[in-house]
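Participant: Pasting a structure below so you can have a look.
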Amino acid sequence: MSAGRRLASTPEPMHRWEGARGVTLAGDSWGDPDGPLVLLQHGGGQTRHAWKGAGVTLGAAGYHAVAFDARGHGDSDWAPDGAYGQDLMVEDLTCLVAALGNKRPVLVGASMGGGTSLVAVGEDHVDATALVLVDIAPRIELDGVKKIQAFMSQKPEGFESLDDVAAAISAYQPHRTRPRNLDGLAKNVRLGDDGRYYWHWDPRFRSGHRDVRQRQARLESCARNLSLPTLLVRGGLSDILSEEGAQSFLALCPHSEYVNVSGAAHMVAGDRNDIFATAVIEFLSRAVPVDGNPMQPPHEPHPHHEGPTGDILDVP
């Protein structure tokens with residue numbers, strides 16, 4: 001199942017790996033495969049392409065940066081049963097770590113990808129070397145979540161043209177300059193048999209029930225368990241993660257570092273990749289140096305569940 005045909009200008013994935021329960025994951029990579037592994041996980045409604053600038057910069061600094069499309073997004077498979085819970089996202093992540101040789105990774109996650117990363121480490125599914133959360137924390141702003149959901153819910157009948165797609169994105173991100181060349185939008189949509197353009201994601205991901213209180217309880221429990229080097233990056237214009245939400249995470253995880261990127265909204269890496277990549281590399285140069293050992297010693301993972309029982313569908 002998919003949203004339709006890939007447009008001709010959409011870049012082919014460099015790699016494909018087997019994820020959980022028969023779902024194939026698509027991804028790209030940059031840098032030396034022998035360098036420290038950095039896994040880049042996008043937010044809901046995004047694709048691996050959101051990380052291209054950061055991936056190139058990390059690769060040039062000596063890291064092996066790998067970005068992949070989450071299940072139901074981009075060029076990865078849609079879940080046959082429409083299941084997109086956080087547990088499955090973590091299963092996909094552990095499958096990818098195994099496919100890449102079980103190297104201990106740095107986990108970098110934005111929004112939904114950050115929630116997956118936090119659970120993967122806080123519930124001890126992955127023996128990571130460091131954690132970078134991008135504009136996400138247990139405590140988030142409901143108005144911002146509703147804004148994302150409204151954006152993802154528009155035009156279920158499809159868009160008539162790429163101009164219409166560009167207008168929808170510009171309305172959601174008014175702080176960004178609308179592109180004159182629309183070719184870059186091709187990777188965000190698929191062309192249906194009816195000639196209309198549809199978002200690349202599985203609409204079942206968008207329509208699932210989300211319990212924000214249950215999510216917060218689980219992620220707070222995970223945050224209390226963190227002992228590895230951790231960096232929280234907030235977009236100064238974000239309507240998802242407020243300064244109060246960031247400070248509440250720092251109280252749960254006092255050893256973590258914090259960077260506030262002025263001029264960036266929720267899509268921090270896309271808005272100010274220069275500042276974002278510089279901050280991440282400076283952090284990793286100490287926590288996971290290219291030519292040295294990670295600060296965090298290895299351990300044998302013992303996966304378990306934190307917070308209320310049951311899986312959750314994370315916010316986009």
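Readers should treat all values here as calculations from the given coordinates under stated rules, not as data from a laboratory. Since the structure is predicted, the reported quantities are computational estimates derived from the model, not experimental observations. Virtual Cβ from ideal backbone geometry, glycine too; neighbours counted across all protein chains shown.
Participant: Any chance you could give the angle, 0 to 90 degrees and rounded to 10, that helix 86-99 forms with the longest Cα principal axis of the chain?
Facilitator: Once rounded, the angle reads 70 degrees.
Participant: Still on this structure, please answer the following. Just going by the charge dipole of the stretch 202-244, with Lys and Arg at +1 and Asp and Glu at -1 on Cβ, which of 236, 203, 226 is farthest out on the positive end?
Facilitator: Value computed over the given set: 203.
Participant: Could I ask something else about it? How large is Rg/Rh for the chain, to two decimals, with Cα atoms and a Kirkwood Rh? All intermediate terms of the calculation are to be shown ahead of the outcome.
Facilitator: Values: Rg = 18.2 Å, Rh = 19.5 Å.
Taking Rg over the Kirkwood Rh, I get 0.94.
Participant: Something else now. Report, in degrees rounded to the nearest 10, the 0 to 90 angle that the Cα long axis of helix 273-287 makes with the longest principal axis of the chain.
Facilitator: 20
Participant: Oh, and also: Once you've got the GNM for the chain with C-alpha springs shorter than 10 Å, pick whichever of 142, 133, 250 has the biggest mean-square fluctuation.
Facilitator: The residue that fluctuates most here is 142.
Participant: How big is the dipole moment of the chain about its Cα centre under a simple scheme where the beta carbon of each Lys and Arg is +1, that of each Asp and Glu is -1, and everything else is neutral? Debye, nearest 20, please. Could you put the intermediate results ahead of the total?
Facilitator: On the way: 29 positive and 40 negative charges, 104 e Å.
For the chain, the charge dipole is close to 500 debye.
Participant: For the chain, please report how many Lys pairs fall under 21 Å Cα to Cα, leaving out neighbours fewer than 8 apart on the same chain. Let's see the in-between values first.
Facilitator: Numbers: 52/187; 146/155; 147/155; 155/187.
Total qualifying Lys-Lys pairs in the chain comes to 4.
Participant: Which Cα, out of 171, 23, 126, lies furthest along the positive dipole direction of the chain (beta carbon charges, K/R +1, D/E -1)?
Facilitator: Checking the options against the dipole of the chain, the answer is 171.
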